Amino acid sequence: MGIGHKPKEYSAADSPPPNRLNSDSDLLRRIESLGNIGHWELDLATGQSTWSEQMYRILGLNPNGATPPIDLALELIHPDDRKQVDDAMQKALESGDLLKIENRVVLPDGSIRHLISEGMVDRNSAGLAIRLFGISRDISQEKQKEENLQKSNLYLENIFNTTQDLIFLADENGAFLKASKSCEKILGYSQSELKGKSFRDLVHPDDFEATVESRKKIMSGDSSSDFQNRYFKKDGSVVYLNWSATLDETSKTVFAVARDITQLVRTEAALKADRQKLSIVLDASPETIWALDRDYRLVTANTEFLRAMKDVFNWVVSPGDNLVFGIDLPAEFIQEWKVWYDRALAGETFSIVRKVTIMEKGGYMEVSFKPIFEAGEVVAICCYSMDITHRKTYEESLKKLNVELAESNRGLEISNKELEQFAYVASHDLQEPLRMITSFLGLIKLKYSHVLDEKGLQYIHYSVDGAKRMRDIILDLLEFSRIGTQPESKQVANTADLVQEVLLLNKKLIRDKNALIHIGPLPNINCHSSTIVQLFQNLINNGLKYQTGESSPEIWIEGKESETEWEFSVRDNGIGIESEFIEKIFVIFQRLHHKEQYSGSGIGLAICKKIVEFHGGRIWVNSVPGQGSTFCFTVKK
């Protein structure tokens, strides 16, 4: 309720107003639980503190227990963070600034959580701090995600700097975003020289169409795309590359691995067809590569494959050993690999991703199978295995994040439905009794004005005026509730045109008050035009309204650009605002003057604040009593 507002009294015949206390408290608890936010309050005179239920849960305490004394509560703060917290609280108490701090707490079970807290200080008329209150949010999960992401990025960077193969990240247009350090050795280009180049700049003209077709498959989601082409090196010579690539659907980024097969191609060209299966070139790849013939016998393998067979199966494998019938492993495991080998022996090139269950470390492996042809028939198959555990972990974390976002969206949908219901009640049910009161009082005045004395007519006037003011409050509340629920998307608008629209609407008022409006250069912004018009309407009306009457109103409207946002100011020469009310004026129903002095419902600046925050900005005021006020706000680019 606003300052000085007297609650309505009800007689025994009246129906009492609905008690929303329990439902509001329940809604607050649900909101705090949804956002993992708790609120708290500290009486600085008594040292008594009060916490919400969610605050207890965040700190690992029983909500039904007694509130711990402030000294014990402060002991929950991590020892390394206590001085920082103490300094921040002292600064807030001494300066009156907002308290905002991030720190760790140690729960009774020894676990550590990260909190971010914001608070304000209440002062009495003498300026002494009497109460500190605020909210705390548990950001432990965000911190853990940041750490995991840093580890993942470090792992990826190590791969880029140590692999002997070429690794590229490319955007959906084929431009290289990042290349591994091996590009200097294989292509002769530095990593910075390749960044921004397209595959079109490097691919051999004879391989261009085939490369484009392979890229189309990759962009359509075919992660098994495995192809060869030729690239021009920096010195103009040609290198043969064998590619495997996959598409990240979320970012539309292509992850490609290319192996320099120039020597292999030249060797294959020099060898006879009957020695094709012996021409597989093994390099120092950290991944496992092996080949087997039609009878599942090992033809050749790289060192990593031999090491893996010894470590996992305790089997020192040699060429000629049977990889299906010559090892003592569970039948289901052997049958699974036999099916894949048979597919490749049938002439199919493919890749599979499997979960590793026979190794303690677990994880995921991507295995590629490629048939080797001789005289048009498959004589052997080559297999390539790569550990993709980190990639799968990242994909699973993305899926989890999508689920969390979906749950948050459901919560927002429920909130929006409640706002729509409120809007319906405010626009229909709440206004109808007021219209009836106003109408019947008008009829009484019309029919019985000759009977009523001056006092009676004055009572009718007060009643009608009160009903009208209540209707204005309801309409303002309705407008307040609708902010942020606009179905249309933001569009680019010229703020100078929006301000002119406001001035046109207030043309008569500006003329009657003999006001001067100065408009500086104003930018184009991405916004909901109707709400920005309402924002300027409220600020300009305030500049016209809150005047001493000794001079004509004068208002200056300006805008300027910063790196990430647009900043606007609306300055007037009005009565100004006392410093103690600077924060209070943006709170709903907070009126600083009696209605006899200045009309209004006390919602206008609260609506302004909500509009600005809906556009990702902030609003504040600088004022000198008797000299005027400057309202500033920002809109995110």
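The values are calculated or read from the model by the stated rules, or taken from the named source; none is laboratory data. Small disclaimer: the values here were computed from a predicted structure and weren't measured. Positions of Cβ are generated from backbone atoms using ideal geometry, with glycine treated the same way; all protein chains shown enter the neighbour counts. Quick note on the areas: whole protein, heavy atoms, side chains included, nothing else; ligands and nucleic acids left out. Shrake-Rupley method; radii C 1.70, N 1.55, O 1.52, S 1.80 Å.
Things worth noting here:
- Carbon and sulfur %, accessible surface of the stretch 23-166 computed with the full protein complex present, 1.4 Å: 52 percent
- Listed peptides 327-336, 200-209 by packing density, highest first (mean Cβ within 10 Å): 200-209, 327-336
- The loop-placed trypsin sites (Lys or Arg not before Pro) in the stretch 307-368, going by DSSP, that have at most 12 neighbouring Cβ atoms within 10 Å of their Cβ come out as LYS361.
- Taking the three principal axes of the alpha carbon atoms in the stretch 136-176, the coordinate ranges are 47, 27, 8 Å, sorted in descending order.
- Cβ crowding within 10 Å averaged over residues, with 363-373, 125-135 ranked highest first: 363-373, 125-135
- Chain lengthening between LYS100 and VAL451 when straightened (0.36 nm per residue, less Cα-Cα): 119.9 nm
- Accessible solvent surface per residue of the stretch 92-240, calculated while the other protein chains remain in place, 1.4 angstrom probe, Å²: 57 Å²
- Taking the average, over residues, of other Cβ atoms within 10 Å as the packing measure, peptides 400-412, 48-60, 162-174 rank 48-60, 162-174, 400-412 from highest down.
- Set of lysines near LYS455 by C-alpha distance (under 17 Å), chain-local residues within fewer than 8 positions excluded: LYS445, LYS447
- Note on ARG354 and LEU44: their simple-model spin labels are 6.8 nm apart, each label 7 Å out from Cα toward Cβ.
- Contour excess over end-to-end distance, with Cα ends at ASN409 and ILE116 and 0.36 nm allotted per residue: 103.2 nm
- When the convex hull of its Cα atoms is projected in every direction, mean area for the stretch 123-195 (nm²): 9.9 nm²
- Net charge, ARG571 excluded, C-beta distance under 11 Å - Lys, Arg +1, Asp, Glu -1: -3
- Projected label distance in nm at GLU172 and GLN191, using a 7 Å step from Cα toward the beta-carbon: 2.7 nm
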